[in-house]
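One structure is given here, and the rest of the page talks about it.
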Amino acid sequence: MRFSALYHECSLAALAALSLALCSCQDATGPGTPGVRSRWYQAQSGWAWARPAVSGNVVYFGDGDGEVIARDVGTGDRKWTTRVGQQPIDGSNILVRGGVVVAPALNYTVGLDAATGAQLWRFNAPDDTVGVQPGYVAGPGTVAASRIDADDQSVYIPAWGASVSAVDLRTGMARWVWKPGKIDGDTATSGVFRSGSMSARVSGDTIFATLWHFVNRPGGYSQAWVVAIDRLTGGELWRVRLPYEGSGVLVEAMPVVYQNLVIVHTLSARTYAIDRTTQRVVWEFTVPSAHISTISGAELYGDVLYVDGGDEQIHALRARDGSVVWNSPFPAHATSDLLVTQRRVTFPMDGQLIVLDRETGRIVAITTQPHTYDPLFSSAATFSNGRVFINVAGAAWCFDEP
């Protein structure tokens, strides 16, 4: 099966036709916004990958110029702005815990005081290469596109270099760092190689992380793993090698925990459910016609899982067994993680945003970024009290969920 590059050329004509149909029956607030009622739109530099985070009456955005921005939920006005470096805020999500805003940039992660924006700490993950020859410098531990998670004491930071670090929320000091060690049959350990963890999920006393690893130095043969780590000690509890192997980065998305299952969605559009007690894959969902790489992860709401099937469809699956509830067609692939709420499934597709009815998969709205002729929905969306918040090209945008 052949898979496209992460950003393949999509069929915008089909979406345009759908948009026109929606415009004819739904209230629009201006050019390019069918079915969406804008609340505010505030300019900021460039764009960032990171999903915004809401806490109380404040929403926290990253931008493309190394800034973290606290905005009023109701108006979008800036409460504070902190420049943390020159790199875009390129992790997949910002989070807020215990009065601390945590934001991954490209090669480091920062913790900021949520009330004032004062920088509390900066954490550099371990190097992303091993076996570096004399005269060469190891690449820094990269957190671009990484999905972080936290509890009340620590934030868990996955990084390229196949590490997961438990970092104290208030001081930025590492409590522990997990690394995979040598893998049997691995030819890459005799020289420079790359591997990475790009997501971590807290569930009780366990951290579940995904890992991709180049078995040989060029990366032409790779494996994908799900790893369970003790939350308190950083000790490895178990690891499962996913059945599909290929080349390059195979898995990015954050695992989903449902009852006794750990569910992960891969770049090759395969969804696996692993029994956390036996470490067996108990079900797999793969569409035979899948032909598109999927950088979005699986999202759970209640007992239903939502995934991009890599076949130009979003699929709703029963989490217990992977059986299909509904399929909803669209002419490309989601370019960030899905947002699933009680009523809707919302996801970007480069320059357009698609909103589905959660229970049926029916298309509710398709919108483009207002106030520009060069639209881009760069981050996943977040939701609070009926409103959606998202990074777009050169702006932060808030609108009512349609």
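The values are calculated or read from the model by the stated rules, or taken from the named source; none is laboratory data. Not measured: the values here are computed from a predicted model. Cβ coordinates were reconstructed from backbone atoms using ideal geometry, including for glycine residues, and neighbour counts include every protein chain displayed. Each accessible area value is taken on the protein alone, full model and side chains, heavy atoms only, with ligands, DNA and RNA left out. Shrake-Rupley method; radii C 1.70, N 1.55, O 1.52, S 1.80 Å.
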Single residue of segment 367-381 satisfying the filter (open to solvent by less than 10 Å² (accessible area, probe 1.4 Å) and of a type in the set (A, V, I, L, M, F, W, C)) that is farthest from the chain's Cα centre (by Cα): 377
Verdict on residue 319 being within 24 Å of residue 392 (Cα to Cα), open to solvent by less than 10 Å² (accessible area, probe 1.4 Å) and in contact (Cβ under 8 Å) with a residue 12 or more places away in the chain: no
Strands (runs of 3 or more DSSP E) contained entirely in segment 58-155, each with at least 2 residues that are surrounded by fewer than 19 Cβ atoms within 10 Å (Cβ to Cβ): 78-83, 119-123
Matching residues in segment 258-274 - criterion: being on the phi < 0 side of the Ramachandran plot and loosely packed, with under 15 Cβ neighbours inside 10 Å: 260
Filtered residue count, segment 283-299, keeping only those that are exposed (fewer than 15 other Cβ atoms within 10 Å of the Cβ) and in contact (Cβ under 8 Å) with a residue 24 or more places away in the chain: 1
Candidates 66, 85 - the one that is in contact with a Phe, Trp or Tyr (Cβ under 8 Å, 6 or more places away or on another chain) and either of a type outside the set (S, T, N, Q) or modelled with pLDDT of 95 or more (or both): 85
Odd one out for residue 333 among (1) under 17 Å from residue 145 (Cβ atoms); (2) surrounded by fewer than 23 Cβ atoms within 10 Å (Cβ to Cβ): (2)
Some residue of segment 347-358 being open to solvent by less than 10 Å² (accessible area, probe 1.4 Å), farther than 26 Å from residue 144 by Cβ and either free of Cβ contacts under 8 Å to residues at least 12 places away in the same chain or touching a His at 6+ places or on another chain (Cβ under 9 Å) (or both): no
Among residues of segment 217-241, those that are modelled with pLDDT of 95 or more and either of a type in the set (Gly, Ala, Ser) or part of a loop (DSSP other than H, G, I, E, B) (or both), counted: 6
